[in-house]
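A short write-up of the structure that comes next.
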Amino acid sequence: MPEPRQYTAGETARMAAQVARAVVLQARGKSLGPVDRGMTRIQAEACAREAIEDAAREDAEVQRIADRAARAAARRMR
């Protein structure tokens with residue numbers, strides 16, 4: 001799974017909670033599988049959030065280019 005470019009503060013806090021949970025589980029000699037799955041889920045959510053943000057940024061850029069082209073066409077028609 002790809003690593004997100006940057007985690008939000010909330011995602012970082014959730015990851016820190018998973019690390020704390022891992023320390024407790026390891027001290028008790030328990031499996032770290034649930035922690036691993038939790039961290040993977042947070043990472044996947046961060047990647048999905050970034051993909052949505054990237055798509056919104058791209059849409060805004062496309063709209064900006066279309067608006068500029070429309071203004072240029074309107075000026076040529078005057």
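Key figures
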quantity	calculated
Exclusive hit being surrounded by fewer than 10 Cβ atoms within 10 Å (Cβ to Cβ), part of a helix (DSSP H, G or I), out of contact with any strand residue (DSSP E or B) (no Cβ under 6 Å at 6 or more places or on another chain) and of a type in the set (Gly, Ala, Ser), set 69, 74, 16	74
Subset tally (residues that are more than 13 Å from the chain's Cα centre (by Cα) and of a type in the set (Asp, Glu)) for the range 38-78	4
Residue satisfying condition, being at pLDDT 95 or above, out of contact with any strand residue (DSSP E or B) (no Cβ under 9 Å at 6 or more places or on another chain) and open to solvent by less than 80 Å² (accessible area, probe 1.4 Å), within set 58, 50	50
Of all residues in the range 37-46 being of a type outside the set (S, T, N, Q) and open to solvent by 30 Å² or more (accessible area, probe 1.4 Å), the one that is nearest to residue 1 (Cα to Cα)	44
Residue among 4, 34 that alone is surrounded by 10 or more Cβ atoms within 10 Å (Cβ to Cβ) and touching a residue at least 40 places away in the same chain (Cβ under 8 Å)	4
Qualifying residue in the range 41-54 (condition: touching a residue at least 24 places away in the same chain (Cβ under 8 Å), in a helix (DSSP H, G or I) and of a type in the set (Val, Ile, Thr))	yes
Condition met for residue 4 (not in a helix (DSSP H, G or I) and not basic (Lys, Arg))	yes
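The values are calculated or read from the model by the stated rules, or taken from the named source; none is laboratory data. Computed from a prediction, not measured in an experiment: that's the story for all the values here. Positions of Cβ are generated from backbone atoms using ideal geometry, with glycine treated the same way; all protein chains shown enter the neighbour counts. Areas reflect the complete protein model, heavy atoms only, side chains present, ligands, DNA and RNA absent. Shrake-Rupley method; radii C 1.70, N 1.55, O 1.52, S 1.80 Å.
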